[in-house]
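Working notes, beginning with the structure itself.
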């Protein structure tokens, strides 16, 4: 009978331990979600200001960027952020429920934990399902934009930032393709699609630049402010100071597949801890309703 009366105590301290772990993991989940939620589409304005006469080119580029994957990343990120915030609150709720020995709080805690597990499961499934689709749609849209990619006259500020010279005007189709490609190149850290800067052969850019890789293929130390990592890249692009030979398809494919294991592994680990908390909460609830006492 000792084990019978020790059950509530074991469940109580299991809940303490589980919820302390949940609080830590909730902070990690929240951090990962915030990291993934970078609003890439807003970079379109920073990359190519003042080249689009109507503003429709930048708008269409932002829409395309969202359609080829950013919106999916954002959805997963939003789920992770939501899960992190709820898990943080529920972690404190679980500790309080165990401390007070309240059956109402324990049931509330268990139900909310089940919802959290379902959210995390949904985020993991969304990521796994969309991996190949993101790469496929990205490649199609990027390659379609390459023939319209145009040269943009830029200068480098005293802070080594890429600055578009004013009073340049392009038609909407050209502006859309140029904004789209430059935004992706600066965000991912790449150049062209499959073969680096040589993919721009046949585009208006290639003729005007005499085959020089775009300045947006330079390595950047600050993506938002377009700050060059190596100021020398403004004058001469090399494999060391730029991504001139690194295709964007290769880079985004590697990023997705390299990070998938980590993201799914973290989700599975958190799910196991959550399930342990649910089991402990229901067992503690059962012990309390049966009138068992701690020894």
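The values are calculated or read from the model by the stated rules, or taken from the named source; none is laboratory data. In this text, all values refer to a predicted model and were calculated from it rather than measured experimentally. All Cβ positions, glycine included, derive from the backbone under ideal geometry; neighbour counts span all protein chains shown.
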field: Every residue from segment 253-291 that is within 19 Å of the chain's Cα centre (by Cα), more than 20 Å from residue 87 (Cα to Cα), at pLDDT 75 or above and surrounded by fewer than 17 Cβ atoms within 10 Å (Cβ to Cβ)
entry: 254
- prompt: Limited to segment 86-101, what total is found for residues that are at pLDDT 85 or above and either over 13 Å from residue 281 (Cα atoms) or surrounded by fewer than 16 Cβ atoms within 10 Å (Cβ to Cβ) (or both)?
  reply: 6
task: Would you check which residues across segment 178-197 are surrounded by fewer than 19 Cβ atoms within 10 Å (Cβ to Cβ) and more than 13 Å from residue 243 (Cβ to Cβ) and list them?
output: 194
- prompt: Does segment 186-195 include one or more residues that are out of contact with any helix residue (DSSP H, G or I) (no Cβ under 8 Å at 6 or more places or on another chain) and free of Cβ contacts under 8 Å to residues at least 12 places away in the same chain?
  reply: no
message: From the list 181, 256, exactly one residue is in contact (Cβ under 8 Å) with a residue 24 or more places away in the chain and within 30 Å of residue 116 (Cβ to Cβ). Which is it?
response: 256
Looking only at segment 13-51, and only at residues there that are surrounded by 15 or more Cβ atoms within 10 Å (Cβ to Cβ), over 30 Å from residue 90 (Cβ atoms) and out of contact with any strand residue (DSSP E or B) (no Cβ under 7 Å at 6 or more places or on another chain), the one that is modelled with the lowest pLDDT: 41
- request: Output the residue which, of all residues in segment 124-157 that are touching a residue at least 60 places away in the same chain (Cβ under 8 Å) and over 30 Å from residue 179 (Cβ atoms), is surrounded by the most Cβ atoms within 10 Å (Cβ to Cβ).
  value: 124
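The rows are residues; the columns are (1) in contact with a helix residue (DSSP H, G or I) (Cβ under 8 Å, 6 or more places away or on another chain); (2) in contact (Cβ under 8 Å) with a residue 24 or more places away in the chain; (3) within 29 Å of residue 136 (Cα to Cα).
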site	(1), (2), (3)
203	yes, yes, yes
206	yes, no, yes
219	yes, yes, yes
227	no, yes, no
230	no, no, no
244	yes, yes, yes
query: What's the number of the condition residue 228 fails, among (1) farther than 30 Å from residue 119 by Cα; (2) surrounded by fewer than 17 Cβ atoms within 10 Å (Cβ to Cβ)?
result: (2)
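Among residues belonging to segment 232-242 that are more than 30 Å from residue 137 (Cα to Cα) and in contact with a helix residue (DSSP H, G or I) (Cβ under 9 Å, 6 or more places away or on another chain), point out the one that is modelled with the highest pLDDT.
Step by step, filter segment 232-242, then rank; the result is 233.
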query: For residues in segment 158-168 being loosely packed, with under 14 Cβ neighbours inside 10 Å, over 22 Å from residue 211 (Cα atoms) and in contact (Cβ under 8 Å) with a residue 12 or more places away in the chain, which is farthest from the chain's Cα centre (by Cα)?
result: 167
query: Which one of these does residue 262 not meet: (1) closer than 28 Å to residue 157 by Cβ; (2) without any contact (Cβ under 8 Å) to a residue 24 or more places away in the chain?
result: (1)
